[in-house]
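Heads up, the thing below is written out as structure tokens.
The values are calculated or read from the model by the stated rules, or taken from the named source; none is laboratory data. Given the structure is predicted, the values throughout are model-derived calculations rather than measurements. We place every Cβ from the backbone using ideal geometry, glycine too, and count neighbours over all the protein chains shown. In case anyone asks, the SASA skips ligands and DNA or RNA and just uses the protein heavy atoms, side chains included. Shrake-Rupley method; radii C 1.70, N 1.55, O 1.52, S 1.80 Å.
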Amino acid sequence: MMDHGFAEKLAGIIGVENVFQAEEARKIYTVDGLIPKVVVQPRSPEEARQIISLGQKESQAIVFRGGGTKMRLGQVPHRMDLVLSTRHLKRVMDLDGENLTITLEAGMRLSEIQERLSREGSGYFIPLDPPFTEGATLGGILATNSSGPKRLLYGTARDFVLGMKVIQADGKITSFGGKTVKNVSGFDMSKLYIGSLGTLGMILEATFRLLPLPEEEKTLIGFFPDAGKAFKVVNALLPSQLVLSSMEVISPNAASYLQPDTMMKKGNYLLAIGIEGVGKAVARQIGEIQGIGKQFQPLGLMVLEGEEQGVFWRSLRDLTLPMMHLFTQSLVLKISVPLSKTEAMFAFVEETARKENFLCALWAHGGSGILRAAFLFHSLGEKSPAIVRAIQQISAQANGMEGSLVVESAPASIKPKIPVWGQEKKNGAVFRQIKSALDPGACFSPGRFVGGI
Amino acid sequence: MLDPRRRKKLIRDLQAIVGKDAVLHTAPHLETYGYDASLFQAKPEAVVLPQSTEEVSAVVQLTHRERIPIVARGSGTNLSGGSIPAAGGVVIHFSRMNRILEIDLPNQRAIVEPGVFNLDLQNALSPLGYLYAPDPASQKVSTLGGNLGENSGGPHCLKYGVTTNHLLGAEVVLPNGDILWTGGKALDPPGYDLIGLLVGSEGTLAIATKMILRIMRKPEAVKTLLAIFNSLYDASSTVSAIIGAGIIPATLEMMDRLIIKAVEDSIHAGYPLDAEAVLIIELDGIRDGMDELAQKIIEICRRHKVREVREATSEEERVKLWAGRKGAFGAVARLRPNYLVSDGTVPRTKLPEVLSKVIEVGKKYDLEIGNVFHAGDGNLHPLILFDARNPDELERVHRAGSEILKACAEVGGTISGEHGIGAEKIQEMSLVFSPDDMAVMKKVKKAFDPLDLVNPRKVLEDAKGGAA
């Protein structure tokens, strides 16, 4: 339980109704089996910064939380005293459609703002399509560097965050970058905070570059008897001058969770390719890709558009949700390899799962070299040693290919035994120097990040 | 400056690492490597020309041990004083580390040494059907290492981004001489985004010795338009209107009358001498639908009173048109011997307002100002022309430059879009950063370089407060 005096001070800052001490309320905010001593929901940046300042003075370990969709990421926290939720920090600070910029507070849900943007002027969007469509907040998306299939065309958060406001460990609110697309004044601090898992400061606000909604969007899905054929199409498309927005290779187990389910349960490997842009360009490219695809004898080809298309991509983005619902002790790995090694890594993961007799769902961003593997378990039981072995093998293979592995989700019990952040590299020393400089008291999320930060 | 005995020892120690012919220490050499494309100058103790990462590391270990400042140097085209040895010390010049180590098409990557000229990489990729997106106007001579330090852009950054969006990994030498790889050919390396932090840090945190770049397939089709306007205001309003209509061209550049004249006199690109402003607009990508997009753009230009729109109908015409834009900075030497180029960047919609402010400033200080810039991303480049031999003019130039930056900051812009803070804009940092913001950046600097030896007196005020 939280020290009574500290809880009182918190209530003094944000009002007693925004300080949660009851066990039932705190349990929802569990991270890897650790229940915070108190949960707070500040109503303004000023309140947030006072809480952080107070927390630092009293050496409290603080973990930030947006939609809670990715709290399983990272190692088990060393300590977690306070969870600070951004629930009330969700204002649109500046929407400048003409300038193609928007500034938002961290607690804003991506789905909510995308919806609003689509109705603004001639329609805009933030070029991000990460998992957890409904729940993910911008702060969490940035802190975990979350991304989706359309990164192939648009890049990731680092490619369109123009500026940020961050609350430092000492409670100061600092501002970096701005509203302009070009900006080299000072260090590019935003880059440091993206993907930092809240270990260097609290992202309060971020300015994003907007894009106009494309005129047209279509998806081509090819069904193949094996991954090899799907990758042949991928390899034919990569060196072409076609402009794809996404290209996903999906294993049969993974595909069984896709929507609309009437089409997906065929036991095949899927290749899903998204194209967006001006109508003429989309039409021509879909036609051309169909032609290329046919050369590799697909079992079927179909074009999706409109609502069905939306349903499909959303289900792919959120694939782990139904999986975790059924198999609550699952592990999800994110493996990144050089582009040309994607096929080999895909095969390696499938082979590893087969050897150990694990149920494995596997899907990959074919044009980015990024794979996700879900090992699905109801319980770990005596399978733990085999799981550890499998992850170590995949990690070693990824490293051998000059790539990396991150365990995005795992039961807390197995985390200490696996390389959650992959193999530690020499970088670790520099990371620790930076952490030490910005959060000397190790106040923020201690122990969860790379190198034990 | 070091006393003669220490200096002699330094030179001997450096020679032992890189060889006698790779250490420059006579007066003409020290002068040559003590200036860049800015108005600043300083004298180093010595210049070294390493050939390998190990040599760079050994040099840095030595200077670190001896507490001697260092600055990495590419081609010295830096416009803000970033390349000059402001605190003396050793210039580490990368002219001999200029190899393209690998072009890896299946992985869409190129591995290069930092001394490679940007254009040389482009020329190596072009016959293979690939390109490296950041194409600064200085590309004929600027190096990729320098591009990393400054986070260089180029006319195509409107659509494709800047250096930080195309650098995936680097081998760096840290301030204590340690060699470190960060990032690689694969995406999303776990941990903090050191690459993102290093790009644009102006050589003050670490020194890159190898770079892994993203290369891309050339676009299928390109369409280049030249739009001729009778007013700067109409041209700059058109810029905003094109983007506002949901069209993101690959590039949107602007030149005004003064620049047009200089360019025509030197390059004869076919620009009309009586126009107040021209826009170069380029579309690229899939051919289908491009004609319609171009038509939309022409309509928007017409709505903003364009005089004429020309389309480059051959690759030759296109290259000529671009030669004019890329040679602009050099061409103004015909008009006056020196220039100060401002690098303020503003939200696109504020362009007309800020451009008229620039004209006002020119009149106020009785200075000729030419404008050639990346209108699409709001990155201005007012070229303030003068003769450095006239001290009164130089003083007015600095004040004019400062006022322009202030105007940019006031409309929600920033003081440097791509040329860096260097030594030149340290004072103006307070226009866009609070003391708390600065404190955080200083902590980061200190975490990397506690002794403040790596390119000191740049970007941030020194610890004692105030610029050098």
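In table form, for the structure just shown:
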quantity: Average projection area in nm² (convex hull over Cα atoms of the range A:314-379, one quarter of hull surface); calculated: 4.4
quantity: Other-chain or far-sequence residues with amide H under 5 Å of A:Leu304's (modelled H); calculated: A:Thr219, A:Leu220, A:Ile221
quantity: Whole-Hz ³J(HN,Hα) from phi, Karplus 6.51 cos²θ - 1.76 cosθ + 1.60, for the range B:175-181, glycine and proline x; calculated: x, 9, x, 5, 9, 9, 9
quantity: Per-residue ³J(HN,Hα) for the range B:368-379, Karplus 6.51 cos²θ - 1.76 cosθ + 1.60, θ = phi - 60°, Hz, x for Gly and Pro; calculated: 7, 10, x, 10, 9, 6, 8, 4, x, 10, x, 8
quantity: Separation between Cα centres of the range B:160-187 and the range A:338-415, rounded to whole Å; calculated: 26
quantity: Dipole in debye (nearest 20) - the range A:305-416, about Cα centre, beta carbon charges: Lys, Arg +1; Asp, Glu -1; calculated: 400
quantity: Fraction of alpha-carbon pairs over 21 Å apart in the range B:276-344 - percent; calculated: 44
quantity: B:Glu360 paired with A:Lys266, simple spin-label distance in nm, labels 7 Å along Cα-to-beta-carbon; calculated: 6.5
quantity: Percentage relative contact order, the range A:392-453, counting C-alpha pairs under 8 Å, at least six apart; calculated: 27
quantity: Segment B:Thr26-B:Arg303, extension gain: residue separation times 0.36 nm, minus the distance between their alpha carbons; calculated: 93.6 nm
quantity: Rounded FRET efficiency, nearest 0.05, which uses the C-beta distance separating A:Gln241 from B:Ile179 and R0 of 41 Å; calculated: 0.60
quantity: Within 10 Å of each Cβ in A:281-291, the average number of Cβ atoms from other chains; calculated: 2
quantity: With Cα atoms, 0 to 90° folded angle of helix B:435-448 axis to chain B main axis; calculated: 50
quantity: Candidate residues A:Thr133, B:Thr313: accessible-area rank, largest first, probe 1.4 Å; calculated: B:Thr313, A:Thr133
quantity: Where only alpha carbons of the protein assembly as shown are counted, the Rg and the Dmax (Å); calculated: 27.6, 84
quantity: Normalised alpha carbon radius of gyration of the range B:359-408 [divisor 2.2 N^0.38 Å]; calculated: 1.15
quantity: Signed unit charges on C-beta, dipole axis of chain B, positive-most listed residue B:Ile421, B:Thr251, B:Asn371; calculated: B:Ile421
quantity: Along principal axes, Cα extents of the range B:311-468, largest first, whole Å; calculated: 55, 39, 31
quantity: Chain B: angle of helix B:351-364 to the longest principal axis, Cα-based, in degrees nearest 10; calculated: 70
quantity: Relative counts (whole %) of C-alpha pair distances in chain A, using bins that are 10 Å wide; calculated: 4, 20, 29, 27, 15, 4, 0, 0
quantity: For the range B:202-346, the Rg and Dmax computed from alpha carbons only, in angstrom; calculated: 17.2, 50
quantity: Whole-Hz ³J(HN,Hα) from phi, Karplus 6.51 cos²θ - 1.76 cosθ + 1.60, for the range B:115-122, glycine and proline x; calculated: x, 5, 5, 3, 5, 5, 5, 4
quantity: Size of chain B as Cα extents on the principal axes (Å, biggest first); calculated: 69, 57, 43
quantity: The protein assembly as shown, helix-only ellipticity at 222 nm - DSSP H runs n ≥ 4, -39,500 (n - 2.57), divided by all residues, nearest 500; calculated: -10000 deg cm²/dmol
quantity: Rounded Å value of the spacing that divides the Cα centres of the range A:171-236 and the range B:9-72; calculated: 39
quantity: Estimated inter-spin distance, B:Ser430 and A:Ala386, nm [label 7 Å along Cα→Cβ]; calculated: 6.8
quantity: Principal-axis tilt of helix A:227-237 within chain A, Cα atoms, nearest 10 degrees; calculated: 90
quantity: Cα-based Rg / Dmax (Å) for the range A:60-119; calculated: 15.0, 46
quantity: Amide H contacts of A:Tyr269 (H built 1.01 Å from N, under 5 Å, at least 5 apart or other chain); calculated: A:Phe224, A:Asp226
quantity: Other protein chain Cβ atoms within 10 Å, averaged over every residue that makes up B:195-205; calculated: 4
quantity: Carbon and sulfur %, accessible surface of the protein assembly as shown computed with the full protein complex present, 1.4 Å; calculated: 51
quantity: Taking the range A:269-416 and dividing mean pair separation by its residue count, relative contact order in percent (alpha carbons under 8 Å, at least six apart); calculated: 27
quantity: Sites A:Lys27 and A:Asn357, calculated FRET efficiency, Cβ-Cβ separation with R0 30 Å, nearest 0.05; calculated: 0.30
quantity: Relative contact order for chain A, counting Cα pairs under 8 Å that sit 6 or more residues apart, in percent; calculated: 16
